[in-house]
Amino acid sequence: MRLELRLERSRKLEYLVPVVSVLLSLVVCAVLLLSTGANPLAAYSAMLKEAFGTSYGITEVLVKATPLILCGLGVMLAFKMLFWNIGAEGQLHMGAWGATAVVMTGWDGSPWLMIPAMMLGGFAAGALWALIPAYLKVKLNTNEIITTLLLNYVAILWVAHFIYGPWKDPVSFGFPMTMQFPEGAQLLRLAGTRVHLGFVFALVIAVALYFIQEKSRWGFEIAVTGGNPNAAEYAGMNAGRNILLVMLISGGLAGLAGMVEVSGIQLKLLKDISPHAAPYGYTAIIIAWLARRNPWGVVLVSILMGGLYVGGETVQITMKLPVNIVLIIQALILFFVLGGDILSRYRLVFDRPGQRPKKAALSGG
Amino acid sequence: MEASPLVLVVAVLQAAVRSGTPILFVCIGEIYAERSGVLNVGLEGLMLVGAIAGFSVGYSVGNPVVGVIAAAIAGALFSLIHAYVTITLRADQIVSGLTLTILGTGISGFFGKPMIGQVGPGFDQIAIPGLSSIPILGQVLFRQDAMVYLSYLLVPIAWWVMYKTHLGLAIRSVGENPATADSLGVSVTKVRYGCVLFGGAMAGLGGAYLSLAYTTMWIEQMSGGRGWITLALVIFAAWNPARAMLGAYLFGGADALQLRVQAVGIEIPTYFLMMLPYVLTITILVLASRASMRRRIGAPAALGLPYAREER
Amino acid sequence: MTDDKIAVALRGITKRFPGVIANDSVDLELREGEIHTLLGENGAGKSTLMNVLTGIYRPDAGSISVFGRTVQLKTPKDAIDLGIGMVHQSFKLVPTHTVTENIVLGLGRGFSRVKLDEAQARVATLSKQYGVKVDPNALVWQLSIGEQQRVEILKILFRGAKILLLDEPTAVLTPQESEELFHTLRSMREQGHSIVFISHKLDEVMTISDRITVLRGGKNVGTVLVQDTNPQDLSHLMVGREIKFATFPKKESRGEQVLEVEGVDALNTRGLPALKGVTFSVAAGEILGLAGVAGNGQQELAQVITGLQRPTAGTVRVQGADMRGKRARHFIDAGVSYVPADRHGVATVGDMSLSHNSVLRRYREPKFGKGPLLNFNAAIGYARRLIKEFNISTPGHATPVRSLSGGNLQKVILAREMTTRHHLLVVMSATRGLDVGATEFVRKTLNDHRHQGGSIVLISEDLEELLSLSDRIAVIFHGEIMGIVDAETARIESLGLMMAGQRLSEVA
């Protein structure tokens, strides 16, 4: 069995692959669920119904999708120029910290001032966090996969230091969290739901990134750098500056995700701003890849993933299933898409058995 | 009674070896995989799979050795996914490795649920007669558990195979220039599958060390970034199994130190101390990349690149 | 008919690749103790046929027999076991390993120890026996191209090969080194080896061969004894029509200096000196050829004069302006166009469309956008113009350039670089790998450009190409200019000596 290059990429397969991948990953996951004695069909239908079957479910899906879109867009932009930013989780934590820092100054002003200041704080903290690996990459060619990832652990510990220490709410009964934010520091919510203004920010940024990617000279530079870094250099593009700029935005967006989580949902800084079992920053990597590095794709996939989160939490509570299946399904989808992508570029060729001699080289004569 | 500084230093060094051992296993395996041209950034996931497989089998059989064997097999099987996707299907090695980590985290958490809170069998400290009575060194190196001694054996063997045997020459050639190795009858596919599976087994061992020796329990995501730290140490070790030992114990030292500094009463906030291993690893990585820029030595030339013979 | 004197017989070999038939039922017989040349232009299927014979490609049809026995070559190992060895055009060596390590690779199994001492002794014996000199302890990347080729030959002899295949071995050698190689080949023939020699240089084919087989379009169009043929007949067989390589008239008057390079030093990617005190200039309406064996600093020089690499000393002036500290984009703005040797790896982005690639170095120009925005319609219009003017055969402007043939890809690059407003064109290995038609087109384009007053630095390993196009030829060796001669009066022998490291004053 071997692979043979197709002359034209198969369009049909390109659309078919994601759909089949989702189905296959559900099948594999069903086997896992059966092994624990659970009924996969019941679980799946409960998940689907809870996530997309009720208006409350749908709003909750959008709540989960909001940080996913922001992180996913950031990761996608970096991937687009082949910079492996897998540090969205840490950048999100730093963003949440930066936004909280604004509140912790004790300032209690109008939301018209406070929210932009917190957005700036979140964006800047995430961006700075992302600029560390970017700078090391540009100056010393330090492997960014490792630095971005390790900085995640550092950022989480950084946040922990503040919520267990200086910022701990004295009346939290020992829980590691800050005091509740004043109203001026809370994002506007859609009446009766938890959907907040952050979702609108996410959509606006998706549109902006689309225009940068598809219509601007800078977007062209990013695409060329991602397609062939040598060609980018040959074309007179400044790779170092672009890496710094892209990571500034990439980290900033993840930071903004952290800001909208604390300001729109948690209303305080606490330990699990990103779900421990399937952290937003890691899911964003999967989203960016599945979205085929397209901003609309990021929005769409994030909403689907949001559904997976909501469904996963439901079956955890109602059917006592480990919430880890969210992570498993995500990873399986990506593996099947990876394999499927190859099949849309190559075709599998099976050598006819008759062509093969039974033993090595000589066959007499 | 206050502990004397010497006793404390010896205790830290002994803990450094313990702490460095799981990373040493993983590092040797990854060096083989990368030398053959396959980057596996899924180590974190592989370690977790090894840790849970080792723990649950060891727990149910009641024998840690059986657990360790199971962990190695589980690691190898799990890395088979990476091997198939990147070697046979030629997909991107980084994406596949990241996905492997995510999958490993999910699977280990899924199967680990019932194991939370259980105490499993573990390895006991064995003092090597004679050697263990050498002052300081004997205490540090030869009052350890069986898996540490296994790692002592593994390092020279891994070094010898890599640099002195035909297999090692084939592995290094496949990672530098697969077309050349192929033209001389070395099967690039076989060498790479072998190295990735070996790397997976070693990562499984490293994970099992965490759940069967370092502790005797299963904690979700207990690898705590050690898989990623290993990736940095491979670069620090310049893809040489002997240097991996130095790197692993250096990290182990940082880990051991941060756990003990508070005991001495030095006033550094806990969470900043806990950052130490990660910050140290980044520093090491930065220094290693500076060195490799200066001396122009680096990764195997074909690292990360799929190989196909008939493509044109 | 007896088969006993036949070393290799290929019958009806067919090999298809997606979209092309590289070999179309080819027959070939190699006799014991002969030097058999496989002649054909680029893309005729010579390399494919040899890769079939070495087990790298599996044929779709046909049979192979070696010393009278029908064999199946599934892997390179099978070919090696049968005593078939090949020196590939791009050497199959591990640069970071020693000569001996390269030679013994694949010869032992598993955990057995590599016995380097024994191997070194055998390498030394073989070197003496065939007159192939090389240091067995040297690291391959430190060797010259000629020496690396000797390692390849030793590697094959070490495996006891009786059948040697050499794919265009002289393309990378100086004329003198080629002579040495022929000497080695003849001595191997005396000792009973059978050799397939691939080339498209007719004069050396006439010198070295016993018999010649010509391939065209993947088919065998004839096998002849060398004494029964002549270069004209061969070239006719090879191309299927009369080829007259146009001699290009030189331009009488030259204009002002466009490029001035003075005392330039530069490092290679390993941080070792690659250029040492390079000084030359190019005037408007002039083609300056740069001759040299590959790896003597050509790449670094091309990068320095296009701004892709900064010199460690010396100055580069374009139209009188000092370019010190300037980056590639400033060189582009100053009117320096560049056709690099690596078409896929540097000059284009394979997954991007032809129209995107056509503005690769021009996307900052006002005509392709406004402010931060890029006008893709303008790019498409421009791409359409290039397709028409340069006769690029492609399904359309939206086709990813990865799927274009080598000749068409080179046309895209050349078209882009030549239609940019520019003063200097730097061209490296412009016709390598192209077929006769595309080669003629490229050469004619460059010549026309000169006559319109353009200046060109033409970097090539093909001496004939340099002699026919250039006004002057500079020879580079180990990063130093050995001398600059007038192309009209240059002798190929003295150019060869300069390529091997003698200065103009020594050879003149």
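Please treat every number below as a calculation from the coordinates, not as lab data. Note that the coordinates shown come from a computational prediction; the quantities given were computed from them, not determined experimentally. Don't worry about glycine lacking a Cβ; one is built from the backbone with ideal geometry, like all the others, and counts go over all protein chains shown.
Here are a few things to note about the model shown:
- Most mobile of A:Leu209, A:Leu343, A:Leu308 in a GNM of chain A (Cα contacts under 10 Å): A:Leu343
- Ordering A:His196, C:Pro231, C:Leu373 by the projection of their Cα atoms onto the charge dipole of the protein assembly as shown, which places +1 on the Cβ of Lys and Arg and -1 on the Cβ of Asp and Glu, puts A:His196 at the extreme positive end.
- Diagonalising the gyration tensor over the Cα atoms of chain C and scaling each eigenvalue by 5 before taking the square root yields semi-axes of 41, 27, 23 Å, largest first.
- Debye-sum result for segment A:1-127 in log10 I(q)/I(0), which assumes one identical scatterer on each alpha carbon, at q = 0.11, 0.15 Å⁻¹: -0.73, -1.04
- Local electrostatic count, A:Met177, Cβ distance below 14 Å [Lys/Arg +1, Asp/Glu -1]: 0
- Cα point-scatterer Debye curve for chain A, base-10 log of I(q)/I(0) at q = 0.09, 0.13, 0.15 Å⁻¹: -0.56, -1.07, -1.33
- Peptide C:97-109 has a mean shielding of 4, counted as Cβ atoms of other protein chains within 10 Å of each residue's Cβ.
- Axis angle, to the nearest 10 degrees, between helix C:436-451 and the longest C-alpha principal axis of chain C: 30 degrees.
- Spherically averaged projected area in nm², based on the convex hull that wraps the Cα atoms of chain B: 18.0 nm²
- Looking at segment A:63-156, the chymotrypsin sites (Phe, Trp or Tyr not before Pro) that sit in a DSSP loop and have at most 16 other Cβ atoms within 10 Å of their own Cβ are A:Trp107.
- Backbone HN-Hα couplings from phi across segment B:31-46 [Karplus 6.51/-1.76/1.60, Hz, Gly and Pro as x]: 4, 5, 4, 6, 4, 8, x, 10, 7, 10, 8, x, 4, 4, x, 5
- Of B:Met275, B:Met222, B:Met202, the residue with the greatest mean-square motion in the GNM of chain B, using alpha carbon springs below 10 Å, is B:Met275.
- Taking the number of Cβ atoms within 10 Å of each Cβ as an exposure proxy, the fewest-first ranking of B:Val95, C:Val224, B:Val66 is B:Val66, C:Val224, B:Val95.
- Only helices enter the 222 nm calculation for chain A: every DSSP H run of n ≥ 4 contributes -39,500 (n - 2.57), and dividing by all residues gives -23000 deg cm²/dmol, rounded to 500.
- Kirkwood Rh and Cα Rg combined as Rg over Rh, evaluated for segment C:100-160: 0.95
- Expressed as a whole percent, the proportion of Cα-Cα pairs in segment C:341-420 lying more than 20 Å apart is 23%.
- Partner shielding of A:328-341 amounts to 5, given as the average count of beta-carbon atoms from other chains within 10 Å of each residue beta-carbon.
- Shape metrics for segment B:14-85, restricted to C-alpha atoms - Rg then Dmax, Å: 13.1, 40
- Residue by residue along C:111-120, Cβ atoms of other protein chains within 10 Å of the local Cβ number 3 on average.
- For segment B:91-160 versus segment C:348-381, the gap between their alpha-carbon centres in whole angstrom: 55 Å
- Our coupling estimate for segment C:206-221, obtained by passing each phi through the Karplus curve with A = 6.51, B = -1.76, C = 1.60 and θ = phi - 60°, is 5, 6, 9, 7, 9, 10, 9, 10, 9, 10, 9, x, x, 10, 7, 9 Hz, Gly and Pro reported as x.
- Charge dipole (the protein assembly as shown, unit charges on Cβ, about Cα centre) - positive-most of C:Tyr382, C:Pro395, C:Ser178: C:Pro395
- A helix-only calculation puts chain C at -9500 deg cm²/dmol for mean residue ellipticity at 222 nm, using -39500 (n - 2.57) for each DSSP H run of at least four residues, averaged over all residues.
- Relative exposure of A:Cys29, A:Cys71, B:Cys195, judged by other C-beta atoms within 10 Å (fewest first): A:Cys29, B:Cys195, A:Cys71
- Over the C-alpha atoms of segment C:1-142, the Rg to Rh ratio, Rh being the Kirkwood estimate, stands at 1.02.
- Euclidean distance of C-alpha centroids, segment A:97-128 and segment A:206-227, integer Å: 29 Å
- In terms of packing, defined here as the mean over residues of other Cβ atoms within 10 angstrom, the peptides C:364-377, A:222-235, C:308-321 line up highest first as A:222-235, C:308-321, C:364-377.
- Ranked packing of A:178-191, B:169-182, most packed first, by mean Cβ within 10 Å: B:169-182, A:178-191
- In degrees, nearest ten, helix C:376-389 long axis to first principal axis of chain C (Cα): 60 degrees
- Mean projected area in nm² (Cα convex hull; one quarter of hull surface) for the protein assembly as shown: 51.4 nm²
- For chain A, size of Cβ-based charge dipole, Lys and Arg +1, Asp and Glu -1, in debye: 1320 debye
- Per-q log10 I(q)/I(0), segment C:245-367, q = 0.10, 0.16, 0.17, 0.20 Å⁻¹ (Debye; single scatterer per alpha-carbon; no solvent): -0.38, -0.93, -1.03, -1.25
- For the peptides A:17-27, A:258-268, A:293-303, B:142-152, residues were scored by their other Cβ atoms within 10 Å and the scores averaged per peptide; the highest-first order is A:258-268, A:293-303, B:142-152, A:17-27.
- Degrees between helix B:146-164 axis and first principal axis of chain B (Cα, 0 to 90, nearest 10): 30 degrees
- About the Cα centre, charge dipole magnitude for the protein assembly as shown (Lys/Arg +1, Asp/Glu -1 at Cβ), debye: 1320 debye
- Restraint check, C:Lys250/C:Lys444; A:Lys139/A:Lys215; A:Lys168/B:Lys113; C:Lys276/C:Lys326, Cα-Cα greater than 23 Å: A:Lys139/A:Lys215; A:Lys168/B:Lys113
- Overall dimensions of segment C:6-239, expressed as equivalent-ellipsoid semi-axes from the Cα gyration tensor (√(5λ), whole Å, largest first), are 29, 21, 16.
- Considering only the protein assembly as shown, percent of DSSP beta bridges that pair antiparallel, nearest 5: 60 percent
- When B:Ile94, C:Ile13 are sorted by how many other C-beta atoms sit within 10 angstrom of their C-beta, beginning with the fewest, the order is B:Ile94, C:Ile13.
- A cut-off of 5 Å between modelled amide H atoms, ignoring neighbours fewer than 5 places along the same chain, links C:Val87 with C:Leu165, C:Leu166, C:Asp167.
- Unit charges on C-beta of K, R, D, E only; dipole of chain C, Debye: 1880 debye
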